[in-house]
Each structure stands twice: as C-alpha cells, then as structure tokens.
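The values are calculated or read from the model by the stated rules, or taken from the named source; none is laboratory data. Remember, it's a predicted structure, so these values are computed and weren't measured experimentally. Note that each Cβ is placed from the backbone with ideal geometry, even for glycine, and that neighbours are counted across all protein chains shown.
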Amino acid sequence: MNKELLLSAMTAMALAAGIDTQEIQKSFNAGIKTQEHPLIKFAKGEITPEDLAVSGEISPTRAAHFIDLIQKSDEFLKKVTVIPMDQLTTTYDVWDMLRGSLVRVPEGQEPTEEQKKKIQNAGRKLSAKPVQLFADVTRSSILSNMHHPNFAAFLDSKFANRFAGDITYLGFVGSSDKYENADFKELNKGWIQVAMDESGTNKVEYAEDDTMVDRLEKLVKSADDDLGDDARILIHRNDFLDYCLEVGKSTNTSELLIQAAAQGFAGYRFEITNNMPSGTYMLTPLKNLVFGMVSKIYRARKFNERKRAVEYTFDAHIDYDIAVPKFVSLATLSS
C-alpha cells in the first residue's frame, strides 16, 4: 500500500472513532520522516556497523528495477535487446522473417511445410558468467548527500552507472569467458567475439592499404540480402574521422556530398562509439545485439573501519549474444 492510500485509510478510521484527523496527519508524517536510509542512520551514529551489515539476494522486484536502471544508464544499452534471465542458462526465441514468406492458403486448410519454410524460429541460448562489482561509499560522501530527497534511488543510480559502463565496454572488447589471466577482457565474450566465433555471420577481411571507402564497401557487400534498413555501421570515432577526411579530400567532392557521407554509407547510418575497436567494423541492427542478465543479484554491505567507508559487493551473472547471426557483417584487417 502506498503512502497516500495508507494515510486515507488511517484518516477514515480516525473519523469513525471520533479522533482528531490533524493528529493522525502529524503522527503519520513523523513516522515517514524517521524512515531514513540505513547509511544515513549509520553516518549519524544512530545504528552500529553490525546493524548496517547485510547480505543476500535482493528481491525480484528490486532486481528487475535495477536491470532496467542499468539499461537506462547507458545510451548504447538503450538501443540493444536486454533479456532478464531466470536461470544461468536461458533459451530465447528468435523469429527470423525472410522475404517472400507471404502465401495464399484456402480457408479451412493449413499452410504446407513448403509455405512455412521461410518462417524460422531459431532458438538461441544465453549462458551467464559471474561478475562482481565492488564499490565503496565513504562516510563523508553519505553525510554530503544525506539530505538528498531520495537517497536510495540516488545510490542505485550510481551503482547502475558503474555497471552499465563496464557492461557496454565488455560487450565490445570481451574476448573470452575463461578469466584465466584476471583480465577484464576475459570476463565474457562480447558481441564482436561472438560474431567472430559464430559460423552464420558474414566475415570479410581488408588489406592494410585499403581506403576507408574500400573497407566499408566490402562490409556492406557482404551483408545478407534480407538485412533491413534499420541496420547500423558500428565504427570507432577515429575511423569515422578518417572516412570523413578521406571523402573530403577526394577530387570534385561537394560539401553536400561530404555531409551526406558523414550521415552513412550505402544507405546505412553510422553508430559511432569509442568502445568499438579501431580497425574493426560491424554492420547489424542494434536490436540484434543481445545482453542477458540473471535477475538473481546478490548484494553484501558492511562498514570498513580503517577505510571509513561502507563496502558494497554486487554479484551478478551476465552474457552476450547475437540474435540472428546472418544479419551481422564484420570487417577486420587481414592477418
């Protein structure tokens, strides 16, 4: 029950009992004000370190909210497909609608297998791997923000921002899920590595002396015939700059043509991100990039006397995938 409904119910009962409703209002507001965040109470000395310490799985509702907050905290994550997972391994459906799938079936009859063959539901699997986020909140930071109107939401947004930045970066640079060398890139395979390993993607190579136009031409020409106009060319900012300079320096190039080139290539718009490895180019719909996170998130909190900070530990499980491999084209430097 929310605050308004609770106050209404208490007021109605007070009226029925002949009690002054103003006193009910005062008591209610006093009770709400005392419901401070545990960190604020601790910073004030109202509770002990033992009272502050908690550990365990956060509630499903809070976990769903946190995953949603992570996605909203990063501009790129907003554009991909995020799948909350109930288990470490989750299968999700992908409906791959190919061109030429319209048919005519007489009333009362079922479509034949031949007619249905271009409607393919290729189930894909996410297998989440563990990652941890360690964050410290100093006592002075708590006191500085103790008058924040919603301290709990403020903290959640800070943690979500930390998660979101690393999740997006790992999606581009992740090369393994073994974590044998305690290297960030080995926490999980990101979208580029998944595309490299997947047999169904379209992979091309370019020579070192190829121009940017040559590289992008090879990328686009390798695309599947069914690829839609919503696909984007993912490119590092420096590579995009080289492309614009190359077009600008070409002979008889008008300013209008340069502006058009900066918008996209062969009808596909650019998605410029510094997370993309320089020299690697990907063409795909952004919704074709999938990020999965298990809804069961473990959180621990305790105070460290020497550091004078509250230590947070978040234990989560994540994975990356490509929904429809044939809708991904990848261009890399020839080895």
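Key figures for this structure:
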{"quantity": "Residue in segment 244-264 that is surrounded by 12 or more Cβ atoms within 10 Å (Cβ to Cβ) and at pLDDT 90 or above present", "calculated": "no"}
{"quantity": "Qualifying residue in segment 186-197 (condition: in contact with a Phe, Trp or Tyr (Cβ under 7 Å, 6 or more places away or on another chain) and without any contact (Cβ under 8 Å) to a residue 24 or more places away in the chain)", "calculated": "yes"}
{"quantity": "Strands (runs of 3 or more DSSP E) wholly inside segment 113-224 that include at least 3 residues being under 27 Å from the mean Cα position of the chain (by Cα), in the same structural domain as Ser73 (by TED's automatic domain parsing) and not acidic (Asp, Glu)", "calculated": "124-127, 129-138"}
{"quantity": "Failed condition for Asp229, given (1) in the same structural domain as Arg124 (by TED's automatic domain parsing); (2) among the charged types (D, E, K, R); (3) not in a helix (DSSP H, G or I)", "calculated": "(1)"}
{"quantity": "Unmet requirement for Asp68, which otherwise passes all of (1) at pLDDT below 85; (2) assigned to a helix (DSSP H, G or I)", "calculated": "(1)"}
{"quantity": "Test for Glu311: is it assigned by TED's automatic domain parsing to the domain that holds Arg162, touching a residue at least 12 places away in the same chain (Cβ under 8 Å) and not β-branched (Val, Ile, Thr)", "calculated": "yes"}
